[in-house]
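A short worksheet on the structure shown next.
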Amino acid sequence: QVQLVESGGGLVQPGGSLRLSCAASGSIGSIYTMGWYRQAPGKQRELVAVITGRGITTYADSVKGRFTISRDIAKDTVYLQMNSLQPEDTAVYYCNTNSAKGTYWGQGTQVTVSS
């Protein structure tokens, strides 16, 4: 059974930082991409950042220059370093992976940016 386990969410003040982690386990097969999406209340889920096996990254315009995605291939783990957080970054953040065996999602981790 494939599992994506996320950690690192929480409450942070505007301008602060958080680091999210997502570890994949189980018979997931060859992983093509790992990434992060987020969903704020009343809004659709949106792409935040994604990284390929070759390290090619894509970011949403709203997070460019503030967020950094990275990946530990040996550990099947993806990270999202979030700096200069703003209230509009408040959302549930979901880990996603696309592999030879399918597309998988984590359970989500809440990120709240508030003073």
> Residue check: is ASP89 within 14 Å of the chain's Cα centre (by Cα) and over 23 Å from GLY16 (Cα atoms)?
Replying inline: no
>> I need a count of the residues in region 51-78 that are open to solvent by less than 40 Å² (accessible area, probe 1.4 Å) and touching a residue at least 24 places away in the same chain (Cβ under 8 Å).
In response: 5
> From the list THR77, THR58, which one is closer than 24 Å to LEU11 by Cβ and out of contact with any Pro (no Cβ under 7 Å at 6 or more places or on another chain)?
Replying inline: THR77
>> Given the criterion among the β-branched types (Val, Ile, Thr), modelled with pLDDT of 95 or more and more than 18 Å from GLN110 (Cα to Cα), identify the matching residue among ILE73, ILE28, ILE69, ILE51.
In response: ILE51
> Which of the residues belonging to region 12-32 are hydrophobic (A, V, I, L, M, F, W, C), within 12 Å of ASP89 (Cβ to Cβ) and under 16 Å from the mean Cα position of the chain (by Cα)?
Replying inline: LEU18, LEU20
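The values are calculated or read from the model by the stated rules, or taken from the named source; none is laboratory data. None of the values given here were measured: they were computed from a predicted structure. Quick reminder, even Gly has a Cβ in these numbers, built from the backbone with ideal geometry, and neighbours come from all protein chains shown. Surface areas here come from the heavy atoms of the whole protein model, side chains and all, with no ligands, DNA or RNA. Shrake-Rupley method; radii C 1.70, N 1.55, O 1.52, S 1.80 Å.
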